[in-house]
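The values are calculated or read from the model by the stated rules, or taken from the named source; none is laboratory data. On a predicted model such as this, the values are computed, not experimentally measured, just so you know. Don't worry about glycine lacking a Cβ; one is built from the backbone with ideal geometry, like all the others, and counts go over all protein chains shown.
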Amino acid sequence: MDTNLATIQVIKSLSSIPNADAIELAETMGWKVVVKKGDFRVGDKCVYCGIDTILPEKPEFEFLRKVHFRIKTIRLRKQLSQGIIFPLTILPTATYSEGQDVTTEVGITHYEKPVPVQLAALDRGDFPSSYVLKTDEIMVQNILPVLEELKGKEVYITVKCDGTSATFVNTGRNSEVDIHVCSRNLSLKETEGNIYWQMFHKYKLDEVLKIGHYAIQAELCGPGIQKNRLGLKEHQIFVFNVYDVDKGQYLNYSEMIKYCVAWNLPTVPIHSIYKFDFTLDQLLEMAKGTYESGQKREGIVIRPVEEMYSQFIDDHYGMRGRLSFKVLNNDYLEKDEE
């Protein structure tokens, strides 16, 4: 079940919007949201609902029916607005602490893009999350304290390929081999024409995964997937994680590159390596750009060269506290209409 789609936050600032008398700009965490003037004061607690979410069909959310109750990036009076803010009165009680997850109380769910026919397959079962975590990068605006945790550390920045996540993992023990081919949420049976399994065979992952107990996580891109913004002529994968199941840890940057080179597996494009010392605004600017196709890219992902643990992420998201996050391209988000 998804968490932290709706959280208790505090209004950090309020500012006016040019040529707008009825609305103003509220800031909470790293997000800026247009609100009705006078509804909030600086320091007020509020319910923040993030982008790419769906609110339930309840009377208090009826004004969102025309957009099918979906929250996404928009502009109001030329001002970028990401997410939506409600007063605590939408909740059963008013006793909540800053940062508290109220996803269940609100009834909010994650927006899932429609699955193309060629990605559909018969379910083998649930995603094997006891062996490897699902791929689910956190947006940097939700975890601003990690910018201080990363300061001075060497990081590598990769281009976020716009596709769908795939996980290939050997969960067998000792000399046994038990391979799962997975979408973001499910382990899949092999069916004719299924692209996840086609990629499994294309990159000879049956041979790769017989050696040791590893999970390979990649973005699957190509024709028919997320409008194929990379402009690919055929389907391919871009590896972004390799996980050692026996040790219960991800390979660090150099280990992952070495592993992929050894098995002739393509990785996500490496943007650059830096010593980290960036503000949120600088990161948002870095996320802009285009793919080689000329289409707006989805953004970037930032990870330390040597794997790091984040207490903040562990406290708020679990995910074994792995320090990793995505910075989405706001130009891409504004144009990403269905």
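Structural remarks
- Residue match in the stretch 192-211 (condition: in a strand (DSSP E or B) and in contact (Cβ under 8 Å) with a residue 24 or more places away in the chain): no
- Asn174 vs. criteria among the polar types (S, T, N, Q) and either part of a loop (DSSP other than H, G, I, E, B) or touching a Leu at 6+ places or on another chain (Cβ under 7 Å) (or both): yes
This table checks each residue for (1) among the polar types (S, T, N, Q); (2) in the same structural domain as Ser324 (by TED's automatic domain parsing); (3) modelled with pLDDT under 90; (4) under 18 Å from the mean Cα position of the chain (by Cα).
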position: Arg173; (1), (2), (3), (4): no, yes, yes, no
position: His180; (1), (2), (3), (4): no, yes, no, no
position: Arg184; (1), (2), (3), (4): no, yes, yes, yes
position: Gly193; (1), (2), (3), (4): no, yes, yes, no
position: Phe200; (1), (2), (3), (4): no, yes, no, no
position: Ile216; (1), (2), (3), (4): no, yes, no, yes
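- Residues that are assigned to a loop (DSSP other than H, G, I, E, B) and buried (at least 21 other Cβ atoms within 10 Å of the Cβ) within the stretch 223-245 comprise Ile225, Arg229, Leu230, listed in sequence order.
- Among the residues listed as Arg303, Arg320, the single one being surrounded by fewer than 16 Cβ atoms within 10 Å (Cβ to Cβ) and closer than 23 Å to Tyr131 by Cβ: Arg320
- Residues of the stretch 248-265 satisfying the condition of being at pLDDT 95 or above and more than 21 Å from the chain's Cα centre (by Cα): Ser254, Glu255, Ile257, Lys258, Tyr259, Cys260, Val261, Ala262, Trp263, Asn264, Leu265
- Residue list for the stretch 1-31, restricted to those being assigned to a strand (DSSP E or B) and either aliphatic (A, V, I, L, M) or surrounded by 18 or more Cβ atoms within 10 Å (Cβ to Cβ) (or both): Ala6, Thr7, Ile8, Gln9, Val10, Leu14, Ile23, Glu24, Leu25, Ala26, Thr28, Trp31
- Residues (in a helix (DSSP H, G or I) and among the hydroxyl-bearing types (Ser, Thr, Tyr)) located in the stretch 280-317: Tyr317
- Of Arg70, Arg77, all but one fail to be free of Cβ contacts under 8 Å to residues at least 60 places away in the same chain and not assigned by TED's automatic domain parsing to the domain that holds Arg303; the exception is Arg70.
- Residue count for the stretch 219-246, restricted to those that are closer than 17 Å to Arg297 by Cβ and among the hydrophobic types (A, V, I, L, M, F, W, C): 7
- Within the stretch 101-120, residues that are in the same structural domain as Gly83 (by TED's automatic domain parsing) and assigned to a helix (DSSP H, G or I) sit with their Cβ atoms under 8 Å from residues that are exposed (fewer than 14 other Cβ atoms within 10 Å of the Cβ) and modelled with pLDDT of 95 or more, at 6+ positions apart or across chains, in these pairs: Val106/Pro56.
- The stretch 233-247: number of residues that are under 22 Å from the mean Cα position of the chain (by Cα) and free of Cβ contacts under 8 Å to residues at least 60 places away in the same chain: 5
- Residue in the stretch 95-112 that is at pLDDT below 90 and either of a type outside the set (Ser, Thr, Tyr) or over 26 Å from Ile300 (Cα atoms) (or both) present: yes
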